[in-house]
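Trainee: Here it is, the structure in full.
Throughout, read-outs are computed from the coordinates displayed, never taken from laboratory work. All values derive from a computational prediction rather than experimental measurement. Here Cβ is always computed from backbone atoms with ideal geometry, including for glycine, and neighbour counts include all displayed protein chains.
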Amino acid sequence: MEWSEIRVPKTLYSRLSEVAKAMGFEDPNTLAIHLLREALAALEEELAAEGISEDERKEIIERLKGLGYL
Amino acid sequence: MVSRPHGGRLVERLASGRARERLLKEAGEMPRVDLSEGLAADVANVAHGVYSPLEGFLTEEDFRSVLENMRLSNDLPWTIPIVLDVGEEFKRDVREGDEVALFYKDRPIAILYVEEIYSWNKEEYAKKIFKTTDPGHPGVKKTYQRKDFLVGGPLIQIEELPEPFERYRLWPKETRVLFKERGWKRIAAFQTRNVPHRGHEYVQKAALTFTDGLFINPLVGWKKPGDFKDEVIIKAYEALIKHYYPKESVAFSVLRMEMRYAGPREAVHHAIVRKNFGATHFIVGRDHAGVGSYYGPYEAWDIFKEFPDLGITPLFVREAFYCKKCGGMVNEKICPHPEEYRIRISGTKLRKMITEGIKPPEYMMRPEVAEVVLSYEDPFVH
């Protein structure tokens, strides 16, 4: 895996270090990656589009009714 | 709310109208690759968004990243490589940038835009994916039988695959609409390759107790000898749902996808796939997707710790057993009684009884389900 660096305030780094130690993470970096992934996934969820048109939805509903699902 | 697709967008790679007609004609002129049933299923799964965000077979950068990091090169969790293997002849005759026709049962089903042809180390693959290089492992055995090169690139499907269980084939677009129409916000998905016994029923109902809907989604397609045939699994579930489930809270559909028997990695893969179907929760069983004693019984639970960004919540439900003292199905967490009161449902024992034509007792399998299974002269894959 390739790596890039980001800068965080020293105070935040200290908090990361303490929590990482308490929670058994290898180091503060590993905890930061874990938290960033979790937070970004939530933000990306909000940005995602549904991607089904109204006509398509109606067509699908008809098929589902035909198969007995609805 | 149903889960957002993995990567944010439900992939659709289906040709339609004139474009489809043109591609169908051109397919006959293109270099041809004949697909196995499993690979053809992978094509359809890409095309219908089951494998979102994948738009085709993995290119080398993604392949290496999945092998090494269990993530695509854009950092999105992905644990099982979706790859197309080709031989020396293909490498000699086809260049990167070419289009090739993918055939199944002598019919063109898709066009692949060749982005890369690269070599792979099957032993390294086996070690990373299956955690063993033992050819006795069914997934490793299949890996060693594959061809020496991989071809990556996006694809577009031009023909639907024949589906013997059409009545139960739903794609992610359809299940997403279904869940919304039923007003389900929390959906627990259950993956299976078995006929249901009381332990499965207990786990499913435990999950349904605190969700709005249960999505039972058995795999159909290649399985190892000794597993139940697809038709038997479907008929057995029909009986169970008819007699023991609230119909408005259950959706049952099949997914054509090969079992890899890759244990922990495959558990995550199964979860991602069900996320694409719209499920918000995924039931992870004991020794999920395992085989023999290659994986620890709860190894598939531990791996989920590495994916805080999976976007689907794993549900770890303990193995259920019948307790004579409690008088019902329970698990270790809720039953205080010693082992002598506990009757465990062993898949091996159940298979043996069925093979011998013996009806399993009701605490192991519902009588209606047992009758269906026993009605087959030979319910097993050989």
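Trainee: On a 0 to 90° scale, report how tilted helix B:17-27 is relative to the longest principal axis of chain B, with both axes built from alpha carbons and the result rounded to the nearest 10.
Mentor: The angle comes out at about 70 degrees.
Trainee: May I pose another question? Taking amide H positions as placed 1.01 Å from N in the peptide plane, with prolines and chain starts having none, which residues 5 or more places from B:Phe380, or on another chain, fall under 5 Å of its amide H?
Mentor: B:Lys229
Trainee: Provide a whole-number value for the mean count of partner chain Cβ atoms within 10 Å of the Cβ atoms in peptide A:34-45. Write down the numbers at each step before the final one.
Mentor: Numbers: counts 5, 1, 3, 9, 4, 2, 3, 9, 3, 0, 6, 7.
Mean number of neighbouring Cβ atoms from other chains: 4.
Trainee: With axes computed from alpha carbons, what is the tilt in degrees of helix A:10-23 against the longest principal axis of chain A, rounded to the nearest 10 within 0 to 90?
Mentor: Here the helix axis deviates by roughly 70 degrees.
Trainee: Counting only other chains, what is the mean number of Cβ atoms within 10 angstrom of the Cβ of each residue in peptide B:65-76? Walk me through the numbers before you get to the answer.
Mentor: On the way: counts 1, 0, 0, 1, 1, 0, 2, 0, 2, 0, 5, 3.
Mean number of neighbouring Cβ atoms from other chains: 1.
Trainee: Each label point is 7 Å from the Cα along the Cα-to-Cβ direction; what then is the distance between the points at B:Glu115 and B:Glu21, in nm?
Mentor: Taking the simple label geometry, B:Glu115 and B:Glu21 are separated by 3.1 nm.
Trainee: With +1 on each Lys and Arg Cβ and -1 on each Asp and Glu Cβ, how big is the dipole of the protein assembly as shown about its Cα centre, in debye rounded to the nearest 20? Write out the running numbers ahead of the final one.
Mentor: On the way: 67 positive and 72 negative charges, 348 e Å.
It works out to roughly 1680 debye.
Trainee: Round to the nearest 10 and give me the degree value, 0 to 90, for the angle of helix B:230-244's Cα axis relative to the longest principal axis of chain B.
Mentor: Roughly 40 degrees, rounded to the nearest 10.
Trainee: Another question, then. Using the structure shown, select from B:Lys229/B:Lys275; B:Lys91/B:Lys147; B:Lys131/B:Lys275; B:Lys173/B:Lys247; B:Lys205/B:Lys333; A:Lys65/B:Lys247 the pairs with a Cα to Cα distance greater than 19 angstrom.
Mentor: Values: B:Lys229/B:Lys275 26 Å; B:Lys91/B:Lys147 11 Å; B:Lys131/B:Lys275 25 Å; B:Lys173/B:Lys247 21 Å; B:Lys205/B:Lys333 16 Å; A:Lys65/B:Lys247 14 Å.
From the list (B:Lys229/B:Lys275; B:Lys91/B:Lys147; B:Lys131/B:Lys275; B:Lys173/B:Lys247; B:Lys205/B:Lys333; A:Lys65/B:Lys247), the Cα-Cα distance tops 19 Å for B:Lys229/B:Lys275; B:Lys131/B:Lys275; B:Lys173/B:Lys247.
Trainee: Okay, helix-only estimate at 222 nm for the protein assembly as shown: each DSSP H run of n ≥ 4 adds -39500 (n - 2.57), divide by all residues, round to 500 deg cm²/dmol; what do you get?
Mentor: Details: 16 runs with 175 residues, N = 452.
Value at 222 nm, helices only, nearest 500: -11500 deg cm²/dmol.
Trainee: Continuing with this model, one more query. Can you find, among B:Leu84, B:Tyr104, B:Leu24, the residue farthest towards the positive end of the dipole of the stretch B:17-157? Put +1 on the C-beta of Lys and Arg, -1 on that of Asp and Glu.
Mentor: Final value for the positive-end residue is B:Tyr104.
Trainee: Which residues in the stretch B:194-214 have a backbone N closer than 20 Å to a point placed 7 Å from the Cα of B:Glu362 along the Cα-to-Cβ line?
Mentor: B:196-203, B:205
Trainee: Calculate, for A:Leu35 and B:Phe316, the FRET efficiency according to 1/(1 + (r/R0)^6) with r their C-beta to C-beta distance and R0 25 Å; round to the nearest 0.05. Spell out each step's value before the answer.
Mentor: Numbers: r = 22 Å, r/R0 = 0.89.
So, using R0 = 25 Å, E works out to roughly 0.65.
Trainee: Spin-label point model (7 Å from Cα, Cβ direction): what's the B:Glu37 to B:Asp378 distance in nm?
Mentor: 1.4 nm
Trainee: Let me ask another. Could you work out Rg/(2.2 N^0.38 Å) for the stretch A:10-66, with Rg from alpha carbons only?
Mentor: So the Cα radius of gyration is 2.08 times the expected 2.2 N^0.38 Å.
Trainee: Something else now. Mind checking which of A:Leu40, A:Ser14, A:Gly51 is farthest towards the positive end of the stretch A:10-66's charge dipole, using Cβ charges of +1 (Lys, Arg) and -1 (Asp, Glu) about the Cα centre?
Mentor: Farthest towards the positive pole: A:Ser14.
Trainee: If you count, for every residue in B:9-21, the Cβ atoms of partner chains within 10 Å of its Cβ, what is the mean?
Mentor: Numbers: counts 4, 5, 1, 2, 0, 0, 0, 0, 0, 0, 0, 0, 0.
For this peptide, the per-residue mean of nearby foreign Cβ atoms is 1.
Trainee: By per-residue mean of other Cβ atoms within 10 Å, what is the highest-first order of B:277-288, B:14-25?
Mentor: Averaged packing, sorted descending, gives the order B:277-288, B:14-25.
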